[in-house]
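Structure first, commentary second.
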Amino acid sequence: MPETPSAPVLLGNEPGSFPHGVLAERHPAIVRQVRAAFPYGPEQRAALDTLLENCAAGVVEPLPDHAPDRDRWQRWGLARYAGRSWFDVPWLWSESYFYRRLLEAVGHFGTGPWQGIDPFRPAKLAELDAPETGRELDALDALEGRPADERARALLHGSLWGNRADLGFRLSAAGAGAGPDTQGLVADDSDALWALLPPSGTGTLCLVADNAGRELVPDLLLVTELLAQERIARAVLHVKPYPYYVSDATTADVVDAVRRIRAADGAAADHGRRLWAALTDGRLTIRAHPFSCAPLPYAEMPGDLREDFARAALTVLKGDLNYRRLVGDRLWPPTTAFADVTAYFPGPVAALRTLKSDVITGLAPDTVAALDDGGAGTWRTGGTHALIQFAP
Ligand SMILES: O=P(O)(O)OC[C@@]1(O)O[C@H](CO)[C@@H](O)[C@@H]1O
C-alpha cells in the first residue's frame, strides 16, 4: 500500500474559516442557549458566564482536581494544551473539550442535584416530537410489501440523510434545518457495502451513531431491518457516554427514540416491536465507550474498541464528526483514497455522512471540479451534499 502522505491538521486559528467560526460564534451561542434553557442556580449561571467569555477569547483551562475523568483528559492532551488559546490547538481537540467544559459548568459531572442532567435534552425531545419525525415514520408504510433490497436501500438512505438533523450545525448553517435542499451524493460506495451484508449474513454490524432524534430514528430502523432480513445476526450501537456536540446520542436518547417508534402507527409500530425485541433478546446491544467522547482521531482508539471493530463484519460510522475523526481531521487533497486514509481501521469500515466541515477524501477529480466550479457554494460545509464511502 503506498505510504499516504500526511496532510495538515485543521486548526481554528484562521479568522473567516469554518473552524474559526465554530469556536468564535457557534460555541458562545450554544452556551447562551443552554443558559436560557434551564433554571440553573447562581453557581451554574456564573460558571456558564465564565465559559462564555473564556471559550471565545481565552485559553484552555484544566479540569478541577475532583473531576472523575481528569486523568483521562490529561492523557488525551489536556496536560499539553492547558494554557494555550482555544484557537491554537487542533480544532477537533478544542471543539471536543469545549463540550466537556460546558458539562462541567452545569454540574453534569458533579455530585449535586444537576448530576447527569443533559443540557441538550429540551432540543432533542422537541426534535423527536416534531411533525417531521412523524412524517418520516409514516413513510415506512409506503415501503411495506416492497422487495427486501429496496426496503434496505431506502432505509440506508434514510439513515444517511438523517445526519442533516444536527442541532449544533443548524446554529451556524443558514437554512440547514430547512427543507430537503439536498444536492445529492458526492461518493456512493453502497454496492460494496451491501456485498458485506448479504441476505444470509451471520456477522455483527457496529453502527457508531451520531445525532439523537431524527438521525437516530432512521439509524434504528435500518438496524431493525437488517436484522429482520437476516443480513446481520447482531448489531452493536455505539453511543456517547454523556451529552456531546449538542445532539449526539446517549443511551437515554436511544430509549426515547425506541419509545417514539413504538408509539407510532402503521409499519413503524412493527419496527418498534422488532426493535424492542432485538434489544431485550440481545441481538442489538448498546455500547457507550469513553473514547466515543475523546477529542482524538480513531487512529488513536484503545485496544478494546479496536477489537470490537475487528470482529465486526462491518463498522458504519455516522455523521460529520465521526468522519473527521476517521480521517484524522486533516485537510487531505479531496482525491486522496478513503481506503488509504483509513488503512489503520481494524475491519471493514463505511462512512455515512452529510458534509458539514472542510475535510473530504475519496472524490473523483471530475467530481471535485464540478463541485468547485458548479456554483455549489459551500458544498463542503453546508450539509447539502453527502457521501457513502467504504473501505474493506
Ligand atoms: O457529527 P455531526 O453531528 O454530523 O456534525 C458535527 C458538526 O456539527 O460539528 C462540527 C462543527 O462544529 C462538524 O463536524 C459538524 O458541523
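The values are calculated or read from the model by the stated rules, or taken from the named source; none is laboratory data. Since the structure is predicted, the reported quantities are computational estimates derived from the model, not experimental observations. All Cβ positions, even for glycine, are placed from backbone atoms using ideal geometry, and neighbour counts span all protein chains on display. When the accessible area is computed, the model is the full protein with side chains, heavy atoms only, and any ligands, DNA or RNA have been set aside. Shrake-Rupley method; radii C 1.70, N 1.55, O 1.52, S 1.80 Å.
Things to note:
- Between residue 255 and residue 72, full extension at 0.36 nm per residue minus the direct alpha carbon distance yields a gain of 63.1 nm.
- Accessible area expressed per residue, the range 127-391, with surrounding protein chains retained (probe 1.4 Å, Å²): 35 Å²
- Top positive-direction residue, dipole computed over the range 273-317 with Cβ charges, set 276, 310, 299: 276
- Overall, the range 45-89 carries a charge dipole of about 180 debye about its Cα centre when +1 sits on the Cβ of Lys and Arg and -1 on the Cβ of Asp and Glu, all other atoms neutral.
- Amide H to amide H distances under 5 Å link residue 353 with 319, 387, where only residues 5 or more positions off or on other chains count and H is placed in the peptide plane.
- Long-range amide H partners of residue 238 with built H, under 5 Å: 207, 208, 209, 287
- The chain: relative contact order as a whole-number percent, Cα under 8 Å and 6+ apart: 19 percent
- Dipole magnitude of the range 127-391, debye to nearest 20 (Cβ charges: Lys/Arg +1, Asp/Glu -1, about Cα centre): 540 debye
- With the simple model of a label 7 Å out from the Cα in the direction of the Cβ, residue 191 to residue 135 spans 3.3 nm.
- Pairwise label distance in nanometres, residue 263 with residue 49, each label 7 Å out on the Cα-Cβ vector: 3.8 nm
- Phi to ³J(HN,Hα) by Karplus 6.51 cos²θ - 1.76 cosθ + 1.60 over the range 70-86, Hz, x for Gly, Pro: 4, 4, 5, 5, 4, 5, 6, x, 5, 4, 8, 9, 4, x, 9, 4, 3
- If both residues of a DSSP beta bridge must be in the range 127-391, then about 25% of such bridges are antiparallel.
- Theoretical gain in end-to-end length, residue 364 to residue 59 [0.36 nm per residue, Cα-Cα removed]: 105.8 nm
- In order through the range 384-390: 3J(HN,Hα) via Karplus (6.51 cos²θ - 1.76 cosθ + 1.60), integer Hz, x for Gly, Pro: 8, 10, 8, 8, 10, 10, 9
- Residue by residue, the range 311-324 carries 3J(HN,Hα) couplings of 7, 7, 5, 7, 10, 10, 9, 9, x, 6, 5, 5, 5, 4 Hz when phi is fed to the Karplus relation 6.51 cos²θ - 1.76 cosθ + 1.60 (θ = phi - 60°); x denotes Gly or Pro.
- Adding -39500 (n - 2.57) for every DSSP H run of four residues or longer, then dividing by how many residues the chain holds, sets the calculated 222 nm ellipticity at -12000 deg cm²/dmol.
- Local electrostatic count, residue 308, Cβ distance below 14 Å [Lys/Arg +1, Asp/Glu -1]: +2
- The charge dipole of the range 18-119, taken about its Cα centre with unit charges on the Cβ of Lys, Arg, Asp and Glu (plus for the first two, minus for the last two), comes to roughly 140 debye.
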